[in-house]
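The values are calculated or read from the model by the stated rules, or taken from the named source; none is laboratory data. Since this is a predicted model, take the numbers as computed values, not measurements. Here the Cβ is made from the backbone with ideal geometry for all residues, glycine too, and neighbour counts use every protein chain on show. These area figures cover heavy atoms from the full protein model, side chains too; ligands, DNA and RNA do not enter into them. Shrake-Rupley method; radii C 1.70, N 1.55, O 1.52, S 1.80 Å.
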Amino acid sequence: MTAIAEFPLAARVQGFLGGRPKQLLIDGEWIDAASGRTFPTYDPATGNALVEVAHGQAEDIDRAVRAARAAFDDGAWASMKPNERERLIWRVGDILSERAEEFGQLEALDNGKSVGIASAVDVAWAADVFRYYAGWATKIEGSTVNVSMPFAPGREFHAYTLREPVGVCGLIVPWNFPLLMASWKLAPALAAGNTVVLKPAEQTPLTALLLGEVFQEAGFPPGVVNIVSGFGDAGAALSAHEDVDKIAFTGSTEVGKKIVEAAKGNLKKVSLELGGKSPNIVFADADFDAAVEGSLNAWLFNHGQCCVAGTRLFVEDKIFDEFTQAVADAASQVKIGPGLDPTTQLGPLVSQEQFDKVTGYLAAGLADGARALTGGKRWGESGYFVEPTVFVDVKPEFSIVREEIFGPVVAAMPFDAESGVAAAANDSIYGLAAGIWTRDISKAHRTAKQIKAGSVWINQYNGFDTAMPFGGYKQSGWGRELGASGLDAYTITKSVNVAL
């Protein structure tokens, strides 16, 4: 029995999945790909196709960019009164809240994540992001500058800065949080007055396309938001397009480097949120039960398909055996199942490709000599399910310690508090996030300062908030998303100096 048959879908979801293939949104119209080609998107819980989606390529990207450029240059959006942009963007958040069940079910089907988490976290947070940045539309300000002008003595000047939109923004989002990552880029870009071309991941295009209907319902002018589904060649065409002023990308570090290479033609602005191999540090004086629960969430949230996942678990040697066994016991009790099952805690991986990658790492870890306290293999006979796996007896050079797995797998290592843990925690090409568990607040602050990561969470994990900037050190990316800092990627500063 498929996940669709076993768990009833909302009528609007059934309607969205029925009928003709899903189309591209370009210049306010839903159209087929120029080639007429489509591709299927799959339910990872069953491997069954859900619906055909338009296969956008370079020609479609060009059409979308031209529409976005025309919409930007005619000034209908960028010069719209800020409070009018505010109302439209806020309306997107309201519609998302009104249609949370629909978006949650569609995300669960296309991505495999729990429908409860998809609705309560992904959709609810996306709505919050749109409302947060809607408020910023009226608060993007320049400043006056008291200039000295030492080479023009005796003269007076009036100097000020303006923060203006960059122009046409290409937004490329990943498959692990399809709707949420789209909101992180769309909302600040639109609040600043830019026009956009959104390219969703080929594995999970459905909520992005449904979001296109929301922008139409909210009343956005044609060409302001364009959505082109497709594969890597579409993303490459968007990154290299000479009439795109800015690229924002979330995905792997490997692809991020390709984005940079493609963007150099016209030196477009680039922001990157890339991979991670985050350390989660548990001191012996931590609240044991809270640390077990938090450490489990650190690497199992979203099935481990999370760039900030705390997949390197450092535990003080005094409690290492007891703590790792407690984490393994808790992991073994997690309910595995399809995302549409409201009781599911751990859903499938997103695709056959990702399943093969993660199970390959499981085999490599065991071959290297690691020991699995729990898990270590696939779960069930169908779908892309993997058992939650806790590895011990690992060494720093193992691939399961050094490389981003993007699945429900954690490698646990002991440390001696006297020797310190920061050097081992920082021994990575990545620097996206970290967790610290201790009752000693001074120790927590000292350790946080030593860790090279863009986000450090103390006595919690995944401590996100829309107002807090998010981004990485080292090869985890460039720039910041969320918070006031999130607007920096989508604005450019102009200095004006007037001789009086």
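Here segment 214-227 is the region considered, the condition is being open to solvent by less than 10 Å² (accessible area, probe 1.4 Å) and either assigned to a loop (DSSP other than H, G, I, E, B) or outside the structural domain of Ser97 (by the TED database) (or both), and the residue that is farthest from Ile95 (Cα to Cα) is Gly223. If the condition is being of a type outside the set (Phe, Trp, Tyr), under 14 Å from Asn280 (Cα atoms), free of Cβ contacts under 8 Å to residues at least 40 places away in the same chain and not in a loop (DSSP other than H, G, I, E, B), then segment 447-473 contributes Ala448, Gln450, Val456, Ile458. Identify all residues within segment 296-307 that are aromatic (Phe, Trp, Tyr) and surrounded by 24 or more Cβ atoms within 10 Å (Cβ to Cβ); write none if there are none. Hit for segment 296-307 is Trp299, nothing else. Is at least one residue of segment 54-61 touching a residue at least 60 places away in the same chain (Cβ under 8 Å), of a type in the set (Val, Ile, Thr), in contact with a His (Cβ under 6 Å, 6 or more places away or on another chain) and assigned by the TED database to the domain that holds Val244? No, because not a single residue in segment 54-61 is touching a residue at least 60 places away in the same chain (Cβ under 8 Å), of a type in the set (Val, Ile, Thr), in contact with a His (Cβ under 6 Å, 6 or more places away or on another chain) and assigned by the TED database to the domain that holds Val244.
For segment 312-327, the set of residues classified as assigned to a helix (DSSP H, G or I) and not basic (Lys, Arg) consists of Asp317, Ile319, Phe320, Asp321, Glu322, Phe323, Thr324, Gln325, Ala326, Val327, listed by residue number.
Mind telling me which of the residues Gly337, Gly310, Gly369, Gly347 ends up being open to solvent by less than 10 Å² (accessible area, probe 1.4 Å) and under 25 Å from Asn426 (Cα atoms)?
Gly310
Given the criteria open to solvent by less than 70 Å² (accessible area, probe 1.4 Å) and within 36 Å of the chain's Cα centre (by Cα), does Val168 qualify?
So Val168 fits the description; yes.
From the set of residues in segment 444-492 that are open to solvent by 40 Å² or more (accessible area, probe 1.4 Å) and in contact with an Asp or Glu (Cβ under 8 Å, 6 or more places away or on another chain), which is nearest to Phe314 (Cα to Cα)? Result: Asn459. Residues in segment 167-174 include at least one that is part of a loop (DSSP other than H, G, I, E, B), under 30 Å from Phe7 (Cβ atoms), in contact (Cβ under 8 Å) with a residue 24 or more places away in the chain and touching a Ser or Thr at 6+ places or on another chain (Cβ under 6 Å).
Selection of segment 262-285 for residues being more than 21 Å from Asn462 (Cβ to Cβ), touching a Gly at 6+ places or on another chain (Cβ under 9 Å) and in a loop (DSSP other than H, G, I, E, B) yields only Lys268.
Kindly establish whether Trp90 is surrounded by 15 or more Cβ atoms within 10 Å (Cβ to Cβ), without any contact (Cβ under 8 Å) to a residue 60 or more places away in the chain, closer than 22 Å to Leu190 by Cβ and of a type in the set (Phe, Trp, Tyr). The answer is yes for Trp90. Is one or more of the residues making up segment 188-208 assigned to a strand (DSSP E or B), of a type in the set (Val, Ile, Thr), farther than 27 Å from Thr41 by Cβ and out of contact with any Phe, Trp or Tyr (no Cβ under 8 Å at 6 or more places or on another chain)? No. Considering segment 379-397, the residues that are open to solvent by 20 Å² or more (accessible area, probe 1.4 Å) and either of a type outside the set (D, E, K, R) or touching a Ser or Thr at 6+ places or on another chain (Cβ under 6 Å) (or both) include one that is nearest to Lys113 (Cα to Cα), namely Tyr384. State all residues of segment 407-429 that are open to solvent by 10 Å² or more (accessible area, probe 1.4 Å), more than 20 Å from Gln460 (Cβ to Cβ) and outside any loop (DSSP other than H, G, I, E, B); if no residue qualifies, say none. Matches in segment 407-429: Met413, Pro414, Phe415, Ala423, Ala424. For the condition modelled with pLDDT of 95 or more, of a type in the set (A, V, I, L, M, F, W, C) and within 27 Å of the chain's Cα centre (by Cα), Ile319 does not qualify.
Per the listing Val51, Val65, the residue uniquely touching a Leu at 6+ places or on another chain (Cβ under 7 Å), outside any loop (DSSP other than H, G, I, E, B) and either outside the structural domain of Leu162 (by the TED database) or of a type outside the set (Gly, Ala, Ser) (or both) is Val51. Return the total of residues in segment 171-213 being open to solvent by 10 Å² or more (accessible area, probe 1.4 Å) and among the hydroxyl-bearing types (Ser, Thr, Tyr). Matching residues across segment 171-213 total 0.
Every condition in (1) in contact with a helix residue (DSSP H, G or I) (Cβ under 6 Å, 6 or more places away or on another chain); (2) at pLDDT below 95 is met by Ser382 except one, and the failing one is (1). Exactly one residue out of Gly304, Gly310, Gly360 is within 24 Å of Lys113 (Cβ to Cβ) and without any contact (Cβ under 8 Å) to a residue 12 or more places away in the chain, and it is Gly360.
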